[in-house]
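Below is one structure; the comments refer to it alone.
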Amino acid sequence: MGKGIWVFAEQAEGKVRKVTFEMLSAARKIADAKGEQLCAVCLGKDIAGLADSFAPYGADMVYMVTHDLLAQYTTDGYAKALCDLITKEQPSVILFGATVLGRDLSAKVAARVGAGLASDCVDIKLDGSGNITIRRPMYAGKVYADVIFPNASIIAASMRPNVLVPGAPDASRKAEVVTVTPELSATDIRVKVKEVVKTAAGKVDLTEAERIVSGGRGMKAAENFKMLEELAEVIGATVGASRAAVDAGWRPQSDQVGQTGKVVSPNLYIACGISGSIQHYAGMGTSKVIVAINKDSEAPIFSKCDYGVVDDLFKVVPVFTAELKKMMAE
Ligand SMILES: Cc1cc2nc3c(=O)[nH]c(=O)nc-3n(C[C@H](O)[C@H](O)[C@H](O)COP(=O)(O)OP(=O)(O)OC[C@H]3O[C@@H](n4cnc5c(N)ncnc54)[C@H](O)[C@@H]3O)c2cc1C
């Protein structure tokens, strides 16, 4: 048996993020091939109810790391609790979701434990020699690099949500559950969370959304996004935006998709009034199906999309929404 492949099981308000199951399914194949144990590591407070969530996706062992000071995510608190456990148990691999939290935590943890880190990765597998190879986009998605870690004692990577395919859960699988109480004190945490401001209730986070309707400068005004909200409502999508729309103050920064915004990989990405700059594409280029609505037939988005409509979005979107509504009702 090796030292173990770990998946950081991110949860928020008692709900496990989907990327955790995606990573467990991918890591299961590697654990089998290398004869290693697969462990899920979940941090928080009052999370005991989640312990059985991970075995069906392949975990052999589950660490439930609980403490009052882990009730809210803080880089200091989570990093200390996780690093102490890594130092004690010495896993060979640790995977994080490339979520806002996972990107923050993975960098800190990797630096502290001396792990090699590949960020925002889209695939993980073994090469012909049995080395773990991790694929990540570079230069705003223009090329992919296959990264190996010849000298790292621990391999760390953050995996982009919605890219790895989760296997079907096997309810008969069971895992050993180990509860860990980390040594944490208030002085370990230099940041105090005063308030958590929630976005609209029920809205699926952009990074995990299966469908996204995004608007750009072509939307012309904040109030016109209502049209996209309506379309999103009909197809169960989350609304995103280009940086131009965010810079104009039409949408919050948390909605921005792209190089300096969120990286998304939905099954369906509908770009409305977005030209398709390389910086925008860096954030949505791995979407499975891309639909563009743009009145300029020369817009770069048309060389990157699967389906394109060359027309005024103010004409197209309401008709599209109405037709979809009818289809859904049928
Ligand atoms: C370092 C750096 C980082 C960046 N990071 C990001 C990022 O994270 N995300 C991002 O999005 N951008 C980013 N940008 C900005 C990027 O370069 C572009 O400026 C931006 O993506 C353009 O947004 P847009 O497509 O909405 O606007 P535009 O490029 O102005 O395109 C608007 C489009 O709307 C179309 N249009 C107008 N009216 C209509 C209509 N009525 N019907 C249909 N179509 C219409 C036009 O034909 C046009 O193609 C970054 C830039 C830099 C330098």
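Quick one: helix 75-89 against the long Cα principal axis of the chain, what's the angle to the nearest 10°, folded into 0 to 90?
40 degrees
Antiparallel as a % of all DSSP beta bridges within segment 5-188, to the nearest 5?
Numbers: 11 of 38 bridges.
Bridges in segment 5-188 that DSSP calls antiparallel: roughly 30 percent.
In a GNM of the chain with a 10 Å cut-off on Cα contacts, which of Lys88, Lys29, Lys18 has the highest mean-square fluctuation?
Lys88
When a footprinting reagent is the concern and you count Cβ atoms within 10 Å, what order do Ser119, Ser106, Ser153 take, fewest first?
So the ranking, lowest neighbour count to highest, is Ser153, Ser119, Ser106.
Find which of Phe302, Ala33, Ala209 sits farthest along the positive direction of the dipole of the chain, computed with +1 on the beta-carbon of Lys and Arg, -1 on that of Asp and Glu, about the Cα centre.
Working it through, the farthest residue towards the positive pole turns out to be Phe302.
Considering only C-alpha atoms, what is the centroid distance from segment 70-85 to segment 18-61, in Å?
Result: 19 Å between the Cα centres.
Quick one: helix 313-329 against the long Cα principal axis of the chain, what's the angle to the nearest 10°, folded into 0 to 90?
It works out to around 60 degrees.
Thinking of the chain as a set of Cα atoms, what percent of all their pairs are more than 30 Å apart?
Values: 21638 of 54285 pairs.
Tail fraction, whole percent: 40.
Quick check on the exposure proxy: order Cys83, Cys272, Cys305, Cys39 from fewest to most C-beta atoms within 10 angstrom. Before the final figure, lay out the partial values.
On the way: Cys83 17, Cys272 29, Cys305 21, Cys39 26.
The order, fewest Cβ neighbours first, is Cys83, Cys305, Cys39, Cys272.
Roughly how far apart, in whole Å, are the Cα centres of segment 278-311 and segment 173-231?
For segment 278-311 versus segment 173-231, the Cα centre distance is 25 Å.
Filter the cross-link list Lys295/Lys325; Lys3/Lys262; Lys45/Lys108; Lys125/Lys198 down to pairs whose alpha-carbon distance in this structure exceeds 26 Å. Walk me through the numbers before you get to the answer.
Details: Lys295/Lys325 24 Å; Lys3/Lys262 33 Å; Lys45/Lys108 21 Å; Lys125/Lys198 36 Å.
Table pairs above 26 Å Cα-Cα are Lys3/Lys262; Lys125/Lys198.
Rank these for me by crowding, His67, His280, going from fewest to most other beta carbons within 10 Å.
Values: His67 18, His280 28.
The order, fewest Cβ neighbours first, is His67, His280.
Taking only C-alpha pairs under 8 Å that are 6+ residues apart, what is the relative contact order of segment 34-187 in percent?
Numbers: 274 pairs, mean separation 47.8, N = 154.
This gives 31 percent for segment 34-187.
Under 4 °C and 1.567 mPa s, how fast does segment 122-177 diffuse according to Stokes-Einstein, given a Kirkwood radius computed over C-alpha pairs? Answer in µm²/s, whole number.
Working: Rh = 13.8 Å.
After rounding, the answer is 94 µm²/s.
What number, in nm² with one decimal, is the all-direction average of the projected area of the convex hull of the alpha-carbon atoms of segment 5-188? Could the numbers behind the result be given before it?
Values: hull surface 41.2 nm².
With the hull built on Cα positions only, its mean projection is 10.3 nm².
Can you tell me the FRET efficiency between Ser153 and Ala33 if r is taken as the Cβ-Cβ distance and R0 is 25 Å, rounded to the nearest 0.05? Provide the component values of the computation, followed by the final result.
Details: r = 20 Å, r/R0 = 0.80.
So, using R0 = 25 Å, E works out to roughly 0.80.
Between Asp170 and Lys3, 0.36 nm times their residue separation minus their Cα-Cα distance comes to what? Present the calculation step by step, with values, prior to reporting the outcome.
Details: separation 167, 0.36 × 167 = 60.12 nm, distance 2.43 nm.
Between Asp170 and Lys3, full extension yields 57.7 nm more.
Counting each pair of different Cα atoms once, what's the Kirkwood radius of segment 277-330 in Å, rounded to one decimal?
Working: mean 1/r = 0.0806 Å⁻¹.
Evaluated over segment 277-330, this radius sits at 12.4 Å.
Given contacts defined as C-alpha pairs under 8 Å and at least six residues apart, what's the relative contact order of the chain, whole-number percent?
Working: 718 pairs, mean separation 47.5, N = 330.
Computed value for the chain: 14 percent relative contact order.
Can you tell me what share of the DSSP beta bridges in the chain is antiparallel? A percent to the nearest 5 is fine. It would help to have the intermediate numbers written out before the result.
Details: 11 of 58 bridges.
Here the antiparallel bridges make up roughly 20 percent for the chain.
Roughly how big is the chain's charge dipole about its Cα centre, with Cβ charges of +1 (Lys, Arg) and -1 (Asp, Glu), in debye to the nearest 20? Don't jump to the answer; show the numbers that get you there.
On the way: 38 positive and 38 negative charges, 87 e Å.
So the dipole magnitude of the chain works out to roughly 420 debye.
Please state, as a whole number in µm²/s, the translational diffusion coefficient that the Stokes-Einstein equation yields for segment 195-283 at 10 °C and 1.306 mPa s, with Rh defined as the Kirkwood radius across alpha carbon pairs.
Values: Rh = 12.8 Å.
It diffuses with D of about 124 µm²/s by this estimate.
Give me the extension gain from Lys326 to Asp311: residue separation times 0.36 nm, minus the current Cα-Cα distance, reported in nm with one decimal.
Details: separation 15, 0.36 × 15 = 5.40 nm, distance 2.20 nm.
Full-extension gain reported as 3.2 nm.
A short reminder: the numbers here are calculations on the coordinates, not readings from a lab. Values in this document were obtained by computation on a predicted structure and should not be read as measured data. All Cβ positions, glycine included, derive from the backbone under ideal geometry; neighbour counts span all protein chains shown.
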